[in-house]
Amino acid sequence: MDEEDFSASSSKQYYPYYPHPQSHPSATGTTTTTPTSIHHAFETSEFSTFSPARDLTFDFSGKWATDILLETATAIADRNSGRFQQLMWMLNELSSPYGDTDQKLGSYFLQALFNRMTDSGERCYRTLASVSEKTCSFETTRKMVLKFQEVSPWTTFGHVACNGAIMEAFEGESKLHIIDISSTYCTQWPTLLESLATRTDETPHLKLTTIVATKNGGVPGSSTSGTAAGSLASVQDIMKEIGNRMEKFARLMGVPFKFNVIHHGGDLCELDLSKLDIKEDEALAINCVGTLHSIRAVDNRRDMMISNFKKLQPRIITVVEEEADLDVGVDGMEFVKGFQECLRWFRVYFEALDESFARTSNERLMLERAAGRAI
Amino acid sequence: MMKGGFEVVHATLDMIQPHREPIWDFASVGFPTTSVAAAAVSSIPRQNLENRCINLERNELSDWVEQVTKKLIDDLPAQNTDTDDHHSRTLQAPADIPMLCEDSFPPSLLGDFRPRKTVTSSDFDELQWSNVNGGNDRGLSRLDEQGLSLITLLLECAVAISIDNLGEAHRMLLELTQMASPYALSCAERVVAYFAKAMSSRVINSWLGICSPLINYKTVHCAFQAFNNVSPFIKFAHFTSNQAILEAFHRRDRVHIIDLDIMQGLQWPALFHILATRMEGPPHLTMTGMGSSMELLTETGKQLSNFAKRLGMSFEFHPIAKKFGEIDITMVRLRRGETLAIHWLQHSLYDATGPDWKTMRLMEQLGPRIITLVEQDLSHGGSFLDRFVGSLHYYSTMFDSLGAYLAADDPNRHHIEHCLLYREINNILAIGGPARSGEDKMKQWRSELAARNSFVQVPMSSNSMAQAQLILNMFPPAHGYRLVQGDGTLRLGWKDTSLFTASAWTSHISR
């Protein structure tokens, strides 16, 4: 009757190098029996191989996810498989992507660690990204971004700051060109158009060139190339739609306006700037919101990007990025440090989301999932 | 909550004090439920049910589930057929037999409650996904497709897990977890979201090789209470059992109740009140409360003691922070001359009682005058796929019943679904199962009790039935809930599916 004996060996075949500890607690059929709990409404089962007591004293009112996750990262760095196993077990039991902030953090980080340890990270990321692309239409994604902006100043803060700086830089100019490399669907610009329209001197002409990076993430020969092509078409549709709306709005505002979209596959540092149609007499601004971090900090790529920008001689470059260094390195203490940083940043993000949205918001779920993929 | 609930109950219980000898006078107990059944005819007879199922007022989600699972199970390669004759029955069911699902499920799951019916392709088209306030038609076909593809994917995933293909399962789960949202309008999607999460959990704990649960009892109890407020099932269990216990305690002065998983003791104040004000005067009541944590038990004991004191009833509370199947008879402080009642409201949140055979043995040894048992119509034994299919059906129904009453973005509903129902789903799929716990779980307790010489069934009285009906009347979409009396039991379910069955038993050696 019980054929689904979860034989560790078959799991091993899929995840070949998972190091099972010597004394396998479940081999003897660990039951769901438990000893009486200590003083909290929290129960654990006996792990004779694992050390102790410190686990039993944490309670659910604190930020338990941070504690457990950091310990897990340390266990990985120390290659302590027994401890790792125990901690992952706890995470697995306690976390949920639908619970409170700690449960969510636990859940996404657990998945990410699992993928990392089974060496399936790349593939899983691709699967997740392609599925979410398939299921999220223009309408839902745009609604999500709009809703997010409605309930939280997370993105608009950056927008307002950038717009302010740009306005200052463009003081007195009559022909303006903004190169926009952002992830926020041009939601930044209507406010700017308004400001331009209400400028005391003559309304300048604005050209906006938006660069949209298609989501291939630089993974060569991926099996999702079919998807990439499909998504390219839909991205183009999206941008066309946005462009139409922008143009309409600009007309309304009485601002002479031209809108260009450039679809760029691959890494941003390879962007061919001559394609950007920059005229001599234009005042140039480069605006990057939430996109530069995708350029990996290797091979001088970032330097290249910056020198490319310099060549254009812009009046101003505005950058909005996450206040975190999310590179987790490869191993050891570097990993732990990077992990910690990751955790810190995402905790803030999740908490902000939790505060801003209603409890049962689908939009927030989308954002969380995107964050989960990033993790 | 306890106080509030008590107020209402006071009114109802008063009406049905037993004025005559309880039906189940010891001598008459062996009878099949003829006399009771006659009284029950006025309630929903089974024939009506069968007719009713053909019309549109159905549990749409569960129907889909049955349809698809039958096909899937039929398509399964003939593996794992050691002792499981259920499988061979499934493989034999040819497509032309009009009895859908009855054969695909172990009988204990659906019992006699589930009428046979024919599902044709036209029925298929009539099924609607949306459920909020009667549903709306826009986007319906899109929801259909989405829902169908989600459930199909979920089932494929379950099959992968059952044949231990964790890699494939994980891949499918990645998709599922991105596609299904627990906040969706469609109950189907919500159910899929939680099931997918439970299976992810299982994949990970299979990989880790550990499958013990880690439970936050406070959260669970809180969600349980919330559930009690919006859904009649718990109250049904409480009040029908209380009635049976009351009848068993007729004219007994010294009584003892053992509650196998007392939690917060929500059930008891109502009974205390009625005992304290009964005609022959209040008894001396001892209660043995079992549970997981001494801290929580002590708290519950305190509350109950205070309550009893206010009623002027003599009361003792003995907490035992262990599982019933793990203690021996010496730990139960049963005194001579005490009339014993054992109460067990079964749930799937965690293993409350330990090994089944020991639980049974202890019950036999104690020889109670009455055992009140409320079971979920869900089997915890069997293979993963059995449990999966059974629980999918069960929880789809449960989610539907909540969805008919509560809005999609109601945080209370989310709380219940996430902290209570999901806990159960996770426990069944990711933790439980004979292969993992190494124990044989009894498929259905009332069958087991019936099979033993030491116990005899006590039919649920018409007073219990009346109680149940009164409770149903308290809940708005009363037309969705179905109360059925038969075989001496009372069953409460949603639309066509029975979810809880209450029964009572007495021991031959009871005092």
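Annotations
- Evaluating 6.51 cos²θ - 1.76 cosθ + 1.60 at θ = phi - 60° for every residue in the stretch B:194-209, the Karplus couplings come out as 6, 5, 4, 5, 4, 6, 4, 4, 5, 4, 5, 6, 5, 4, 6, x Hz, glycine and proline recorded as x.
- Amide H contacts under 5 Å for residue B:316, placed H, 5+ residues apart: B:285, B:286, B:287
- Between the stretch A:107-134 and the stretch B:341-387, the Cα center-to-center distance that results, in Å: 40 Å
- With the alpha-carbon atoms of the stretch A:131-178 aligned to their principal axes, the span from lowest to highest coordinate is 46, 23, 14 Å, starting with the largest.
- Direction-averaged projected area, Cα convex hull, the stretch B:455-510: 4.2 nm², rounded to one decimal.
- Per the Debye calculation on the stretch B:348-443 with a single equal scatterer at every Cα and no solvent contribution, log₁₀ I(q)/I(0) for q = 0.17, 0.24 Å⁻¹ amounts to -0.85, -1.24.
- Distance in nm between pseudo-label sites at residue A:154 and residue A:197 (7 Å out along the Cβ direction from Cα): 2.9 nm
- Evaluated at q = 0.10, 0.11, 0.18, 0.22 Å⁻¹: base-10 log I(q)/I(0), Debye formula over Cα of the stretch A:68-196: -0.57, -0.65, -1.03, -1.23
- Restricting the calculation to Cα atoms, the stretch B:211-352 shows an Rg/Rh of 0.95 when the hydrodynamic-style radius is the Kirkwood one.
- Each semi-axis of the equivalent ellipsoid for the stretch B:200-284 is √(5λ) with λ an eigenvalue of the Cα gyration tensor; in descending order they amount to 38, 15, 10 Å.
- For residue B:331 and residue A:344, a Förster radius of 41 Å and the Cβ-Cβ distance give a FRET efficiency of 0.25, rounded to the nearest 0.05.
- With 31 Å as the limit on Cα-Cα distance, the pairs of A:134/A:337; A:143/B:197; A:248/A:310; A:134/B:218 that go past it are A:134/A:337; A:248/A:310; A:134/B:218.
- Dipole moment magnitude, nearest 20 debye, the stretch B:246-286 about Cα centre, only Lys, Arg, Asp, Glu C-beta charged: 160 debye
- Extension gain for residue B:409 to residue B:474 (0.36 nm times residue separation, less C-alpha to C-alpha distance): 21.1 nm.
- Descending principal axes extents, the stretch A:68-137, alpha-carbon based, whole Å: 42, 28, 15
Here, each number is a calculation from the coordinates, and none is a lab measurement. This one's a predicted model, so the numbers in the text were calculated from it and none came from an experiment. With ideal geometry, Cβ positions are generated from the backbone for all residues, glycine too; neighbour counts draw on all protein chains shown.
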